[in-house]
Every structure is written in structure tokens, then in C-alpha cells.
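Visitor: Here you go, one structure.
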Amino acid sequence: MFIGPQLLGDIIHYPMRGGTLIVQGSSWLASSAGIDIDATWQGIGKALFSGESMFWVKCTGTGDLFLNSFGAIYPVDVTGGYVVDTGHIVAFEDTLEFHIGKAGKSLIGSFLGGEGLVCKFSGQGRLYCQSHNPPSFGKLLGPKLKPR
């Protein structure tokens, strides 16, 4: 079997051993038959404000899970709290809670400053982030391309 991601970046193998991993919708690449995928668990409110896609998937069970990213994937061991731009999230363990918040002191300042929304994680668990943010990369590259 061959699998390939949409964007150039890392592919990691995540061996599921009975826990739960929440994966950003476009970062799920493939999984074995022992992994249950649920895209309905979150609710539309968080999904709309969480960043890159309209849904996140809840992966549970035992087996092989493959994740991909835009750029490198790096793990962050969260103990207490951690704040990350929504566009950099690949996946996180369900032992972490998160809330969507503004990056700056005011909502308008956050958007005008180009930072937008962030996820504020709390608890203890592992978060997987990607080194590049597809929308930010597009905004940077777009003006440099010749019009068609």
C-alpha cells in the first residue's frame, strides 16, 4: 500500500494503544482497521473557530495511525498550559483541554496584527504541531506569483 499527503511535510506513525488522539481533519492520513474515526464529536462552534478545517477527528482504538503536516511535526509535552496558533496544530491527546482565544489583547488587534486566533491548551498530555501554517504560507507566497 502507498499513501501520500496533500502538502509537503512530515509523515509520522502514531501507534495507538487504546487511548484517544484528536487529529486536525487535514492531518489524518491513514489508519488501520482497529482505529475508530469519529468526526462528529466536537460540535460546530469550536470547529468553525479552531482554524484550518471544518472538522477534527477523534481517533480511538488499537492499531496504526499516520499523520501528516505542512513542514516538520514536533511534539510538545504540555504540563499546565500551552498556547499555539490554530494553524499549527496537527493532533493532541484527549487528556488536554483547549479553548479558542484571541492572540492579542483585543479581538480586533489580533486580526489586524495578522495573528488571529490561538488554542490555549491546559492539562497534561502531548500536542503535535507543524512548523508551517498553510494559510500564512499562501498569504506570503500569493502576491509573489504571476497572475494567470
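Visitor: Of 82, 128, which has the most accessible area with a 1.4 Å probe, and how do the rest follow in descending order? Let's see the in-between values first.
Guide: Numbers: 82 75, 128 25 Å².
Reading off the accessible areas and sorting them downward yields 82, 128.
Visitor: Calculate, in nm to one decimal, what residue 37 and residue 64 gain on full extension: separation in residues at 0.36 nm each, minus their alpha carbon distance. Before the final figure, lay out the partial values.
Guide: Working: separation 27, 0.36 × 27 = 9.72 nm, distance 1.23 nm.
Using 0.36 nm per residue and subtracting the Cα-Cα distance, I get 8.5 nm.
Visitor: Okay, next question. Work out from phi, with θ = phi - 60° and the Karplus expression 6.51 cos²θ - 1.76 cosθ + 1.60, the ³J(HN,Hα) of each residue of segment 29-39, listed in order in whole Hz, and give x for Gly and Pro.
Guide: Values, residue by residue: 10, 6, 7, 7, 4, x, 9, 8, 10, 10, 9 Hz.
The values are calculated or read from the model by the stated rules, or taken from the named source; none is laboratory data. Just so you know, these numbers come straight off a predicted model, no measurement behind them. Surface accessibility is based on the protein's heavy atoms, side chains included, excluding ligands, DNA and RNA. Shrake-Rupley method; radii C 1.70, N 1.55, O 1.52, S 1.80 Å.
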